[in-house]
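To start, the structure itself, in structure tokens.
Throughout, read-outs are computed from the coordinates displayed, never taken from laboratory work. Values in this document were obtained by computation on a predicted structure and should not be read as measured data. Because the Cβ atoms are built from the backbone with ideal geometry, glycine has one as well, and the counts that use them run over all protein chains shown.
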Amino acid sequence: MPDNDTMPSWSASTQRPRGRPRKPPTIKPRKKKRERNRGVPPLPTFDLYKLAPHQGLTQRETASVIRRAEATLESWRRYKPDHRLKWKKVHGRILYEAGDVRAYLEN
């Protein structure tokens, strides 16, 4: 039987590393859920009837005039393409013409 002195004594804390050294695990931060205002925006600061009929209104301005949530306008655009409230995409922005918004409110 061999002596204990001649055999290598590797303990659990001094084991020889094998292969590539491992990096410690990194904890990835959770992606924040995009939060936005789901309610009706505040009242507009302008008079819709003083604007020119072809003047463009942003989604937020239109939502404040017709007293609907911005998400409602988004769903109308996405799921109801033949909705009465017409919109245009200009340079990547959604715009509603003041004349179309007036016509929507009158009907």
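The table that follows gives values for the structure above.
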{"item": "Of all residues in the range 69-81 being among the charged types (D, E, K, R) and in contact with a strand residue (DSSP E or B) (Cβ under 9 Å, 6 or more places away or on another chain), the one that is surrounded by the most Cβ atoms within 10 Å (Cβ to Cβ)", "result": "Arg77"}
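Residue-wise test of (1) under 21 Å from the mean Cα position of the chain (by Cα); (2) of a type outside the set (A, V, I, L, M, F, W, C); (3) surrounded by 13 or more Cβ atoms within 10 Å (Cβ to Cβ).
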position	(1), (2), (3)
Leu43	no, no, no
Lys50	no, yes, no
Thr62	yes, yes, yes
Ile66	no, no, yes
His83	no, yes, yes
Val90	yes, no, no
Ala98	no, no, yes
Glu106	no, yes, no
